[in-house]
Amino acid sequence: MQMCSWNGQQWPCWDDDLGWFSSSDGCYYHRMNQQPPAGAKEWGGHDPSEGAVYEVNCRGIDGQLTPKDPMFFAQPPGGEPPPDRPYDLGLKALKTIRLAAPVLHAAPTGTAVVGVPVWLWYDRDAATTGPLSATATGRQISVTATVTLAGVHWDTGDGAGVDCTSPGTPYHADAGGSPSPDCGHLYTTGSARQRDGRYYLTATLNWKVTAVVSGTGEKVFAFDFPVTSDQPLPLRVGEVQVLN
């Protein structure tokens with residue numbers, strides 16, 4: 001990113017929201033997205049065909065921005081805007097996507113038993129199941145960011161762990177002691193020796209993040225992004241005593 005100097009400090013020469021920076025006066029100039037109607041005072045007596053009106057935001061000695069009255073220019077101050085940066089647009093789109101930590105459930109609730117299947121699941125909503133997409137539009141291109149749930153890893157507290165491909169299925173009484181169809185665990189050791197006599201379960205949602213240029217499909221970036229539950233789920237696991 002090209003930097004400009006003013007008042008002994010460095011500032012970006014171009015800002016997507018503020019426009020071009022002038023080292024002569026410490027101000028940013030950005031063409032107004034919606035131009036004033038012809039004859040408005042912002043034109044300073046000029047005809048709209050002669051140029052454009054620009055927003056003006058100036059740095060103070062302390063670096064703070066102060067808006068000034070819009071100004072007319074026949075030519076763009078600083079020249080035409082630079083080409084869009086796909087990576088920056090991808091991040092801008094991604095920042096508008098909201099993911100949430102999962103709210104966890106297990107059945108049986110309260111106390112499970114060694115050797116009896118435990119069902120694992122979490123509350124479903126858009127922020128925990130996806131996929132979610134958002135688009136940021138620049139001057140020349142648009143970039144769409146997408147997050148897709150790739151899998152869920154449960155830390156079951158006993159050192160085993162479970163990898164699931166879905167949020168899991170809520171337990172229902174008709175299931176009896178059968179295992180979960182898609183996300184469950186079978187404890188082989190009781191929790192009596194654990195802190196508070198319980199295992200504390202957590203789940204991590206593993207998201208795949210991608211961004212592509214809209215229309216062309218050109219890949220901008222791709223990476224993994226984990227989101228872990230912020231409230232561990234306590235579960236007591238007892239052992240069945242066999243009497244001879």
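Taken together, the values in this text are just the output of simple stated rules run on the coordinates, not laboratory data. Since the model is a prediction, treat every value here as computed from it, not as a measurement. Reconstructed Cβ throughout: ideal geometry from the backbone, glycine too, with neighbour counts over all protein chains shown.
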Could you tell me which of the residues ALA106, ALA136, ALA100 is in contact with a strand residue (DSSP E or B) (Cβ under 6 Å, 6 or more places away or on another chain) and touching a residue at least 60 places away in the same chain (Cβ under 8 Å)?
ALA106
Of the residues in the range 51-65 that are without any contact (Cβ under 8 Å) to a residue 40 or more places away in the chain and surrounded by 11 or more Cβ atoms within 10 Å (Cβ to Cβ), the one that is farthest from ASN33 (Cα to Cα) is CYS58
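When you check THR146 against the structure, is it in contact (Cβ under 8 Å) with a residue 12 or more places away in the chain, of a type outside the set (A, V, I, L, M, F, W, C), closer than 23 Å to ALA101 by Cβ and surrounded by 15 or more Cβ atoms within 10 Å (Cβ to Cβ), yes or no? Break it down stepwise before answering.
Details: in contact (Cβ under 8 Å) with a residue 12 or more places away in the chain: yes; of a type outside the set (A, V, I, L, M, F, W, C): yes; closer than 23 Å to ALA101 by Cβ: yes; surrounded by 15 or more Cβ atoms within 10 Å (Cβ to Cβ): yes.
Considered against the rule, which asks whether it is in contact (Cβ under 8 Å) with a residue 12 or more places away in the chain, of a type outside the set (A, V, I, L, M, F, W, C), closer than 23 Å to ALA101 by Cβ and surrounded by 15 or more Cβ atoms within 10 Å (Cβ to Cβ), THR146 comes out as yes.
What are the residues in the range 197-224 that are in a loop (DSSP other than H, G, I, E, B) and crowded, with 17+ Cβ neighbours inside 10 Å, if any? Please lay out each step first, then the result.
Keep residues of the range 197-224 that are in a loop (DSSP other than H, G, I, E, B), which gives 198, 214-218.
Passing the criteria: only ARG198.
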Of the conditions (1) closer than 20 Å to PRO234 by Cα; (2) part of a strand (DSSP E or B), PRO170 clears all except one; give me its number.
(2)
Every listed condition ((1) within 22 Å of the chain's Cα centre (by Cα); (2) buried (at least 19 other Cβ atoms within 10 Å of the Cβ)) holds for LEU120 save (1)
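Please find, within the range 1-42, the residue that is surrounded by the fewest Cβ atoms within 10 Å (Cβ to Cβ) out of those that are part of a loop (DSSP other than H, G, I, E, B) and of a type in the set (Ser, Thr, Tyr).
Top of the filtered list is SER24.
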Given (1) over 32 Å from the mean Cα position of the chain (by Cα); (2) under 19 Å from ARG31 (Cβ atoms); (3) not charged (D, E, K, R), number of the condition VAL56 does not satisfy
(1)
